[in-house]
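The values are calculated or read from the model by the stated rules, or taken from the named source; none is laboratory data. Just so it is clear, the model here is predicted, and its values are computed rather than measured. Cβ sites come from the backbone with ideal geometry, for glycine too, and all protein chains shown count toward neighbours. Quick note on the areas: whole protein, heavy atoms, side chains included, nothing else; ligands and nucleic acids left out. Shrake-Rupley method; radii C 1.70, N 1.55, O 1.52, S 1.80 Å.
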Amino acid sequence: MVLQEAAGVPRINARESDAFDIFNLKHYLGPNPYLDTAAFTFDFALTQCPQPLPIEAYLSKVCSYFPSLQEGSYPSYAHLFARLVAEVNRLQMDLHLQRWSCHPFPEYVRIAVQTLHGRTTRAAVYFAWDWLEAIAQGEPFDVEGEMRRLQQLFRDSVYGGPTVYALLRAAHERGIPACYLWDEGVMQYGYGRNQVRGVATTFHCDSHLDSDFTTRKDDCKAFLAAQGFPVPQGEVVTSLAEALPLAQEIGYPVVLKPVAGHKGIGVTAGIQTPEELAFAYNAAVAAIPPEKPIRLILEKHLQGSDFRLLCVGGRFVAATERRPASVTGDGHSSIGQLIEQANRDPARWDTPTSPLGPIQWDEAMERCLAEQGLTADSVLEPGRTVYLRKVSNLSAGGVSRDVTATVHPDNVVLAQTIAQQFSLVCLGIDVIATSLERSWKEGSLGIIEINAAPGVLMHQKPAMGTGVDVPGAILDHLFPKTARIPILTFNRLTLAEAHTLVEHILSHRPGGWVGCVCREGVLLNHSFRPLNGSLFRQVKTLLRHPHLDLLLAEADEETLEREGLAYEGSDLVVLRAPSDKELQTLKRELNPGGALFLQRESTLTLTMAGQVERFELPGTDLQMGILLRSMTLRIICRTLSQMLKNWSG
């Protein structure tokens, strides 16, 4: 970095006109000396030239966008900056990222902000910096435009999908550790033998065969019909020439959709004429990848509303009604203007926490309007509501309404009976019905399709209704007991000591899998391999092992400062002659009910279950060293023996 001198104060990243300087930006993927979560850290300093405005002057401007900042107290510019970055980092999406801290040094303050996606938080830091400098210089700053850019950056990340973020947040609220496995492109929830890996609501414990089967809509339909469940009359067609006579035989109106598809893409409902069928055929074919054969389902259009029934672990959890996108007239705005107004509503912003999606403008919408004698330029009389498409596609701006509490018991049993046919954590069952309050046995319901990777946001945050905590239900099903395994953390650990501890653990748990990472290498039981890469990465690799029962890990001050910890929480922390940073960080990471072993000079202290034991070892320096090593291992092994009994129980 190029240093510039301004009034004798070195500038690192600051421009000549800047009152603040930001440097040494760093992304920790786990707990670290500055926060007990993943964090983005940076150093903050005043350039002294120009002088900053009073703190109140900045507050008066930023609070107009972030009123919650009025509630804080700000003893320094660093505290204001940290709080502003933390608020910006929530992206006006109500993200759970609320933690921040300030750590003063002689020439600067180190700020840490809780993070999920490092690039987004880095951009939030520069957002806050540029905004405060613009305020001081009396220049305009496009807060809303920059916020949309940050939101899109997060939305495009591996954490920004609605279902992924909903599960991450639910995991956070339940204390379930979660991380993204970049090499595999999946999320990992939990550690070792208790872990679950997945993409959205598809998990490694799902049956691959069953998941694949649900994508074949024609086979699923035949399967459900054979089970005696209500499905609409129809067949598979491969060309428009096949579709036209079949539609006449079935009788209009009909529905046409790809055999393999998702999110309602390529689906046209309520087809009334051969001309509409030709349009629907082209739309369906366009939704099929070029390398795939043309296979479409043509079936009878059922009258009623569109519903999604969701089961988790074979149990009914939620039901949502889905309605097509619509606008309501005001007497002077055109339909096009009403759509633009609707899309400016924050509830329709394309974020992982928005209950609505933006209304999509496409040829299908224009045809739907044309069938009603309308165009985008039509002005609707006050109070008149017009639906913009025939299918209730939420991704195209449709509206969701929670109806969980009103579902007829027979329909609950129907959903559960179908879900229990498959070895899948989650199953969505799409039906058309006049009302879910009536039993399907009355002939008022038809099953349209089933989905092995259903979204959860429509249930968790419907546009209308209270919603159901589906992400929580999923995690509670996946982790009926715990998502963790016992973790032991040492600030000093030799390979010889590791072998001794592993042997002791295996003597109490024969057939178990014990992993260890220290600076001298990696152990899996007694199988040794040299350390290849950082301690952080090696620990993550062991925690990914699906059979791992227990982990021992070394984390000294250098490792904590450089990488942080690769996990959250420790059940036993062993500190031998610790530095202040080791003591503060590792003691903070001790789980409730965990044990702390502390050695300072000749004093050994064990704190466990509210009881404190202290040992003093007199003798010569040589005797002291031998006694310390021997006594330390004996106490640790004894402590482990007691903890292993508790873990087994």
Would you mind telling me which numbered condition in (1) assigned to a helix (DSSP H, G or I); (2) loosely packed, with under 14 Cβ neighbours inside 10 Å residue 581 fails?
-> (2)
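Can you give me the number of residues within the range 584-614 that are of a type in the set (A, V, I, L, M), surrounded by 17 or more Cβ atoms within 10 Å (Cβ to Cβ) and not in a strand (DSSP E or B)?
The qualifying residues number 1.
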Restricting the range 525-545 to residues that are within 19 Å of residue 498 (Cα to Cα), in contact with a strand residue (DSSP E or B) (Cβ under 8 Å, 6 or more places away or on another chain) and touching a residue at least 24 places away in the same chain (Cβ under 8 Å), the one most open to solvent (accessible area, probe 1.4 Å) turns out to be 528
Filter the range 277-300 down to residues that are in contact with a Gly (Cβ under 9 Å, 6 or more places away or on another chain) and in contact (Cβ under 8 Å) with a residue 60 or more places away in the chain and give me whichever is farthest from residue 322 (Cα to Cα).
-> 296
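Among the listed residues 455, 446, which satisfies the condition of being more than 23 Å from the chain's Cα centre (by Cα) and under 28 Å from residue 258 (Cβ atoms)?
Numbers: 455 fails: more than 23 Å from the chain's Cα centre (by Cα).
Exactly one of 455, 446 is more than 23 Å from the chain's Cα centre (by Cα) and under 28 Å from residue 258 (Cβ atoms), namely 446.
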Kindly check whether there is at least one residue in the range 546-562 that is over 22 Å from residue 508 (Cα atoms), aliphatic (A, V, I, L, M) and touching a residue at least 40 places away in the same chain (Cβ under 8 Å).
-> yes
Which one is surrounded by the fewest Cβ atoms within 10 Å (Cβ to Cβ), of the residues in the range 625-641 that are modelled with pLDDT of 75 or more and not hydrophobic (A, V, I, L, M, F, W, C)?
-> 634
Per-region count, the range 251-275, residues of a type in the set (Ser, Thr, Tyr) and closer than 20 Å to residue 387 by Cα | 2
Subset of the range 44-60 [farther than 22 Å from residue 98 by Cβ and not hydrophobic (A, V, I, L, M, F, W, C)] = 47, 48, 50, 51, 52, 54, 56, 60
Check on residue 293, assigned to a loop (DSSP other than H, G, I, E, B) and either open to solvent by less than 10 Å² (accessible area, probe 1.4 Å) or at pLDDT 90 or above (or both) | yes
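Residue-wise test of (1) modelled with pLDDT of 95 or more; (2) open to solvent by 30 Å² or more (accessible area, probe 1.4 Å); (3) in contact with a Phe, Trp or Tyr (Cβ under 6 Å, 6 or more places away or on another chain).
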{"residue": "408", "(1), (2), (3)": "yes, yes, no"}
{"residue": "425", "(1), (2), (3)": "yes, no, yes"}
{"residue": "428", "(1), (2), (3)": "yes, no, no"}
{"residue": "434", "(1), (2), (3)": "no, yes, no"}
{"residue": "445", "(1), (2), (3)": "no, no, no"}
{"residue": "454", "(1), (2), (3)": "no, no, no"}
{"residue": "463", "(1), (2), (3)": "no, yes, no"}
{"residue": "482", "(1), (2), (3)": "no, yes, no"}
Search the range 507-524 for residues being small (Gly, Ala, Ser) and under 16 Å from residue 489 (Cα atoms), and hand back the single one that is surrounded by the most Cβ atoms within 10 Å (Cβ to Cβ).
-> 515
Taking the range 234-275 and keeping only residues that are at pLDDT below 90 and assigned to a loop (DSSP other than H, G, I, E, B), one is left with 259, 260, 261, 262, 263, 264, 265, 266, 267
Hey, can you tell me all the residues within the range 206-217 that are in contact (Cβ under 8 Å) with a residue 24 or more places away in the chain, more than 13 Å from residue 453 (Cα to Cα) and surrounded by fewer than 17 Cβ atoms within 10 Å (Cβ to Cβ)?
-> 216
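Report, by residue number, each residue of the range 169-196 that is charged (D, E, K, R) and in contact (Cβ under 8 Å) with a residue 40 or more places away in the chain.
169, 173, 174, 193
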Starting from residues that are more than 21 Å from residue 304 (Cα to Cα) and in a helix (DSSP H, G or I), keep the ones in the range 218-232 and report whichever is least open to solvent (accessible area, probe 1.4 Å).
-> 220
What about residue 572, is it part of a loop (DSSP other than H, G, I, E, B), modelled with pLDDT of 90 or more and under 23 Å from residue 483 (Cβ atoms)?
-> no
Only residues in the range 392-411 that are more than 15 Å from residue 460 (Cβ to Cβ) count as the first member; pair them with residues that are of a type in the set (Lys, Arg) and crowded, with 23+ Cβ neighbours inside 10 Å, Cβ under 9 angstrom, at least 6 apart or cross-chain, and list the lot.
-> 396/389; 397/389; 398/389
Which numbered condition residue 383 fails, given (1) at positive phi; (2) of a type in the set (Gly, Ala, Ser); (3) under 36 Å from the mean Cα position of the chain (by Cα) = (3)
Listed by first then second residue, the pairs whose first member lies in the range 500-513 and is under 9 Å from residue 525 (Cβ atoms), whose partner is polar (S, T, N, Q), with beta carbons under 9 Å and at least 6 positions apart or on separate chains, are 502/525; 506/525; 512/525; 513/525
Output the qualifying pairs, or none if there are none: Cβ atoms under 6 angstrom, residues six or more apart or on different chains, first residue in the range 20-34 and of a type in the set (A, V, I, L, M, F, W, C), second residue surrounded by 21 or more Cβ atoms within 10 Å (Cβ to Cβ) and in a strand (DSSP E or B).
-> 22/42; 25/42
Pairs where the first residue, in the range 99-126, is closer than 27 Å to residue 168 by Cα and the second is open to solvent by 80 Å² or more (accessible area, probe 1.4 Å) and assigned to a loop (DSSP other than H, G, I, E, B), C-beta under 6 Å, 6+ apart | 114/99
So, of the residues in the range 361-378 that are among the charged types (D, E, K, R) and in a loop (DSSP other than H, G, I, E, B), which turns out to be modelled with the lowest pLDDT?
-> 362
Is it fair to say residue 244 is open to solvent by 50 Å² or more (accessible area, probe 1.4 Å), without any contact (Cβ under 8 Å) to a residue 60 or more places away in the chain and touching a helix residue (DSSP H, G or I) at 6+ places or on another chain (Cβ under 9 Å)?
-> yes
Residue ID - surrounded by the most Cβ atoms within 10 Å (Cβ to Cβ), chosen from residues in the range 247-264 that are over 23 Å from residue 324 (Cα atoms) and of a type outside the set (S, T, N, Q) | 247
Which one is surrounded by the fewest Cβ atoms within 10 Å (Cβ to Cβ) among residues in the range 316-360 that are at pLDDT below 85 and among the hydrophobic types (A, V, I, L, M, F, W, C)?
-> 347
